[in-house]
Amino acid sequence: MEIKVQENPENVTVVMSGSFDTLASEQAEPTVKELEGMASKPMIIDCNALEYIASSGLRVLLRLRKASAAQGQQVTLSGVNENIMEILKVTHFDRMFIIK
């Protein structure tokens, strides 16, 4: 799992690649805390290269959504593949996020 963060004046773009499983969630903790601090801007999570997401990865998405909502912002998921979309639908995450 790799996470790249690109902050610009309009938003924060987060590019995720690989498998977002339990180990990846633990390793991403410092980056997630950093992202929570950037929640005053709209956040776009680029999932084009994301191959898999486990429940621990979904919890991270919820944390980012909660932090953004507290600042009056939204989190958009972009480039979601069929497998990830199916997970989002089964867990009803597709109702919590803007998906493009």
- prompt: At a 1.4 Å probe, what is the % contribution of carbon and sulfur to the accessible area of the chain?
  reply: 48 percent
Inter-site label distance for Thr31 and Met85 at 7 Å from Cα along Cβ, in nm: 2.4 nm
statement: In this structure, the FRET efficiency calculated for Leu62 and Lys4 from their beta-carbon separation, with R0 = 22 Å, to the nearest 0.05, is 0.60
Antiparallel bridge percentage (DSSP; both residues within the chain; nearest 5): 30 percent
message: From zero outward in steps of 10 Å, how is the percent of C-alpha pairs of segment 56-100 spread across the bins?
response: 27, 59, 13, 0
query: So what is the relative contact order of segment 1-76, in percent, for Cα pairs below 8 Å that sit 6 or more residues apart?
result: 35 percent
Surface accessible to a 1.4 Å probe, per residue, for the residues of segment 1-68, Å²: 51 Å²
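The values are calculated or read from the model by the stated rules, or taken from the named source; none is laboratory data. Note that the structure is predicted; figures quoted are calculated from it, not measured. Reconstructed Cβ throughout: ideal geometry from the backbone, glycine too, with neighbour counts over all protein chains shown. What goes into the accessible areas is simple: the full protein's heavy atoms, side chains included, and nothing from ligands, DNA or RNA. Shrake-Rupley method; radii C 1.70, N 1.55, O 1.52, S 1.80 Å.
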